[in-house]
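> Quick one: this structure, given as structure tokens, is what I'll be asking you about.
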Amino acid sequence: MKTHVFTMLTLVITGMFAASAAAAGDDEAAESLVFPESYKAGSVSNGGTITGTVTFEGEAPAMKKLEITKNPEVCGVTDKFDESVVVGEGNGLKNTIIYLMDISSGAGFPKGAKVKHQIDQKGCQFNPHVNLIPVGKRLTMLNPDKIMHNVHIFSKENPPYNKSQPGSRRKMPVKAVKKAEGPVAVKCDVHGWMKAWIAYIPHPYFAVSDENGQYKLENVPPGTYKLGYWHEACGTNTESPESVTVDAGGAATKDFTLSLKN
Amino acid sequence: MNRLFAKKSFIIHIASFLLLPAIITCPLFAQGKSAPAASEAGNLLYIDKCGHCHGIEGAGDGDAAENLLPRPRDFTSGLYKIRSTESGNLPTDQDLFEVISNGMPGSSMPAWKGLLSEDERWSLVAQIKTYFDGFEEASRRVIDLSGKIPYSEESVAKGKTFYAELGCVECHGVLGRGDGTSAPDLTDESGFRSWPANMEHSWNFRGGSATEEIFKRFIGGIAGSPMPAFVSSFRLGLTDAESARIIALEDQDEMTEEEEAEYTQLEEKAYEYEDIMLRIEEGEEITHEEQNKLDEAMKPIFEKSWHLANYVKSLGREGRPPAAVGDKVLRSQYFVGDLPGLNDAAWSEIKEASYFPLVGQVVIEPRQFNPSIDSVTAKSYYNDNEAAFLFEWDDRTKTLPQADDETGETVEDAIAIQFPVKVPKSPSDPKPYFIWGGRRPVYLWHWKVSEPNKITEMNAKGIDKATVQASQSQMQVEGVYEDGRYRLWVKRALKTDDRNDLKFEPETFIPIAFSAWDGANGDVKTKRAISTWYSFVLDPVPSNKRFVYPPVVALISAGLLFGLRKSVRNREKLNQ
């Protein structure tokens, strides 16, 4: 019977040009960051800073209110909005990754108990929306909602990851990865609207712009670098990165103005 | 005594020394046969047999791919659903071999066992592995099945509580019919629609419905799909009481210093074990002591998981039911008095509903290559004036009229029950074309979820040539949706005044067929699931003669016996 159906299908399909079935959803491959081939971590003396503001060009699109189709008693307590474009004061664009594309040696990642890599899922929304997780560091998923979530990380370079986090697990550690990658999507399939991003980074010269669009890269060894950006809805400048020169102990400034990619 | 002991211990030492490599490798790493090296012959065979769907370079993009759901595997992604290995691991060679050999039920992947030799299938395994570099690097850890708990009522009952607690219901629904509240929005990692399994239709489980397979999917997840690995659902190394305590502490708004200390201690205890597991996932080496410690901590977790697997097993039927032909044909039973309504217990007296398999309508554009409704079942009663039917079919979503995301067409859940206008005199006489007739017209009962208590009578001379009858018969109709299943009750007079209606007469085999639309699957108009012709028959009216013949027969027999007795006696007298 099964073979029969299969043969029939093949015949029909090859016989005529049939309309496309369900098109892929909105998960088209996001553009990636650029990582150095190798990176040597050491101590940096006389490092400088790079600061700046990321601005959204033109009128900011209204944030779409998310439809809460499940667990409204927990997820629907406050309104939730699509965070793909978050614009603040003076059109400052939040959640843009600004980073050095071609640095091959510099500082290591800050150490100590204070440094916590965690994503909260309170109220069925990931917070932060864009996350920088160092290669080799574990991440903790928080679940104060007391309802089931699943942590589904759409890794391509690293092994796939999709684990359930039932309401009884308020905290769940997520394994560290070996390869720099991303940003990759993080989703909760139980609550289909929940979406965030993780970039697995090999060096500390990455920053995410805040609600005013401001970013800061610190302790940068003196030199000239390619300065890249990544934004979920505005794309990347991988093809034509900015050039920035940092003097010893100096402060460089670089602002960005982004618009929605076509 | 001492010597004996020493000798014994010596033997044990030797034995463990010999067994050591086996102990180390067996539970941790890939079991089963390994694939040979990739060959040109394997490549050619792959292109010939697999390329049409999976693409000639393994990217899941063959000519047929775009019309299939689930989509053919993209071998370059390294995401494999059916694995005997732990979450995040690639499948073993044996896993790949099994899938090629047995196919994937409920999908378009056929079983190649009877079509290709064992060597040929192994050459395909080797070929498939060339599409993803990861196969060269990673060792694969196999899920430990040694603690299997046998199937029992007790185990099933325990599993049922975990089913609810762990959130299986979110996608698979309360009764496991794949109708959970998260079901409508699920997509796989490529953005294609992904339906949670209907546990009752266990013959569609892609990796087979053995309890071990269910256990593996639960522990290891189904990579690339929304189904997560549940191995992390419980806290490792804590007793149930300690787990409950840690949750209670977390739920408190504030903790005293003592409670804070207690919490930290519990958390650290759990993390000791968690850390071993994470290090394994991260590809680190662990010591034997650590492995033993983890194994010990996993025991209660595996135990619970086996209970859950037994529960899921209990939901499935033993194989796909046979279609309603031969002795399984739909028989309407004679019922004395008023016919039973939708929720009447009388329906459960018919033990086995007749089963009508459905397939996608792929003859006329637009087609449905991936139907989500795979069957309709029916029961029927009739009396001297009317016939009543109970039709049931599983649908993971209740879809009231809405605009389809893709086509913009208004879709909704519906069903049509089809009969010929004119019943063929004998089974060999031609019937109307099975998809809504042609030259010979069909008579249709069309029901849709937006009007659950109404059936529209139609006649059709082709799939797009249906007309609503000018005069509608008096029919009683009740349709409900509950736990992933539609139940539709219909009652109609045996005979109506309309000559375009079908007349139901006892002992006549009447052709019957079905069309079903799942709005959430984009079904509308010709895009739907359909069946071929089946038949149903009203059982003969039980004759009153059954009350007459038996006493008559009894009387005659008694008379004959008396006669015999008399004649024997007479003979005896004569002989004396």
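> Is there a simple number for the mean count of other chain Cβ atoms within 10 Å of the Cβ of residues in B:186-193, and what is it?
Numbers: counts 3, 8, 4, 9, 5, 7, 6, 3.
The mean count of partner-chain Cβ atoms within 10 Å per residue comes to 6.
> Something else: Using a 4.7 Å Cβ cut-off, which Cys residues in chain A lack a partner cysteine?
A:Cys188, A:Cys234, each lacking another Cys Cβ under 4.7 Å.
> At a Cα cut-off below 13 Å, give the aspartates and glutamates reachable from B:Lys425, other chains included and same-chain residues fewer than 8 away excluded.
B:Glu505, B:Glu507
> Moving on to the next point. Would you mind ranking B:Glu267, B:Glu318, B:Glu457 by Cβ crowding within 10 Å, fewest neighbours first?
Values: B:Glu267 17, B:Glu318 8, B:Glu457 21.
By the 10 Å Cβ count, ascending: B:Glu318, B:Glu267, B:Glu457.
> Also, quick follow-up: Can you sort A:Lys175, A:Lys122 so the residue with the fewest Cβ neighbours within 10 Å comes first? Intermediate values should be presented prior to the final figure.
Working: A:Lys175 22, A:Lys122 15.
Ascending Cβ contact count within 10 Å gives the list A:Lys122, A:Lys175.
> Could you tell me whether the range A:61-173 comes out rounded, prolate or oblate from its Cα gyration tensor? Rule is a ≥ b ≥ c as square roots of the eigenvalues, rounded for a/c under 1.5, then prolate if a/b exceeds b/c, otherwise oblate.
Taking the square roots of the gyration eigenvalues as a ≥ b ≥ c, the range A:61-173 is oblate.
> How would you order B:364-371, A:31-38 from highest to lowest mean count of nearby Cβ atoms within 10 Å?
So the peptides B:364-371, A:31-38, ranked by packing, come out B:364-371, A:31-38.
> Where Lys and Arg each count +1 and Asp and Glu each count -1, what net charge lies around A:Pro241 among other residues with Cβ under 10 Å from its Cβ? Don't skip to the answer; put the middle values down first.
On the way: positive: A:Lys226; negative: A:Asp102, A:Glu239, A:Glu242.
Net charge in that neighbourhood comes out at -2.
> Further question: With each pseudo-label sitting 7 Å past Cα toward Cβ, what's the B:Val329-B:His288 distance in nm, one decimal?
Result for the modelled spin labels: 7.0 nm.
> Right, something else. Need one number: % antiparallel among DSSP beta bridges in chain A, to the nearest 5.
70
> Let me ask another. Suppose each label sits 7 Å from its Cα in the direction of the beta carbon; what would the B:Glu482-B:Leu115 distance come out to in nanometres?
For the pair B:Glu482/B:Leu115, the computed spacing is 4.3 nm.
> Decide, for the range B:77-160, between rounded, prolate and oblate: order the square roots of the alpha carbon gyration tensor eigenvalues as a ≥ b ≥ c, take rounded if a/c falls under 1.5, and otherwise choose prolate if a/b is larger than b/c, else oblate.
Working: a/c = 2.45, a/b = 1.51, b/c = 1.62.
Note, shape of the range B:77-160 comes out oblate.
> Using 1/(1 + (r/R0)^6) with R0 = 60 angstrom and r between the beta carbons of B:Glu272 and B:Lys454, what's the FRET efficiency to the nearest 0.05? Could the numbers behind the result be given before it?
Working: r = 64 Å, r/R0 = 1.07.
Result of the calculation: an efficiency of 0.40.
> Counting only other chains, what is the mean number of Cβ atoms within 10 angstrom of the Cβ of each residue in peptide B:54-67?
Per-residue shielding by partner chains comes out at 2.
> Still on this structure, I have one more. Of all DSSP beta bridges located in the range B:326-542, what percent are antiparallel, nearest 5? Each step should come with its number before you reach the end.
Details: 58 of 64 bridges.
In the range B:326-542, DSSP labels about 90 percent of beta bridges as antiparallel.
> Related question: Mind giving me the FRET efficiency for B:Asp63 and B:Glu409? R0 is 22 Å, r the Cβ-Cβ distance, nearest 0.05 is fine.
On the way: r = 26 Å, r/R0 = 1.20.
Working from the Cβ atoms, E equals 0.25.
> So how much slack lies between B:Ala37 and B:Arg569, counting 0.36 nm per residue of separation and subtracting their Cα-Cα distance, in nm?
Between B:Ala37 and B:Arg569, full extension yields an extra 182.0 nm.
> Would you mind checking the pairs A:Lys40/A:Lys114; B:Lys33/B:Lys148; A:Lys137/A:Lys187; A:Lys65/B:Lys398; A:Lys195/B:Lys160 and listing those with alpha carbons more than 27 angstrom apart?
On the way: A:Lys40/A:Lys114 24 Å; B:Lys33/B:Lys148 23 Å; A:Lys137/A:Lys187 20 Å; A:Lys65/B:Lys398 24 Å; A:Lys195/B:Lys160 31 Å.
The pairs that break the limit, which is 27 Å between Cα atoms, are A:Lys195/B:Lys160.
> With contacts defined as alpha carbon pairs under 8 Å and 6 or more residues apart, what's the relative contact order of the range B:153-315 in percent?
It comes to 31 percent, rounded to a whole number.
> Helix A:2-15 sits at what angle to the longest principal axis of chain A, using alpha carbons and giving 0 to 90 degrees rounded to 10?
It works out to around 70 degrees.
> Also, quick follow-up: Averaged over its residues, how many other protein chain Cβ atoms are within 10 Å of peptide A:143-150's Cβ atoms?
Partner-chain Cβ atoms within 10 Å, mean over residues of A:143-150: 4.
> Taking the simple approach of a point 7 Å from Cα along Cα-to-Cβ for both A:Asn262 and B:Glu212, what is their distance in nm?
5.7
> Find the centroid of the Cα atoms in the range B:105-161 and in the range A:128-165, then give the distance between the two in whole Å.
Rounded to whole Å, the Cα centres lie 26 Å apart.
> Another question, then. Relative contact order of chain A: what whole-number percent is it, with Cα pairs under 8 angstrom and at least 6 residues apart?
Reported as a whole number, the value is 29 percent.
> Moving on to the next point. Classify the range B:350-489 from the C-alpha gyration tensor, please: rounded if a/c falls under 1.5, else prolate or oblate depending on whether a/b exceeds b/c.
Verdict is rounded for the range B:350-489.
> Which FRET efficiency value, to the nearest 0.05, is calculated for A:Lys65 and A:Thr140 with the Förster distance at 30 angstrom and r the Cβ-Cβ distance?
0.55
> Express the relative contact order of the range B:157-224 as a whole percentage, based on alpha carbon pairs under 8 Å and six or more residues apart in sequence.
20
> Sum up the charges of everything whose Cβ sits under 11 Å from the Cβ of B:Thr399, counting Lys and Arg as +1 and Asp and Glu as -1, but leave B:Thr399 out.
It works out to a net charge of -3.
> Let me test this: with uniform point scatterers at the alpha carbons of the range B:128-226, what is the Debye-based log₁₀ I(q)/I(0) at q = 0.16 1/Å?
Relative scattering, expressed as log10 I(q)/I(0), comes to -0.86.
A short reminder: the numbers here are calculations on the coordinates, not readings from a lab. Not measured: the values here are computed from a predicted model. For neighbour counting, all protein chains shown are included, and Cβ atoms are generated from backbone atoms with ideal geometry for every residue, glycine included.
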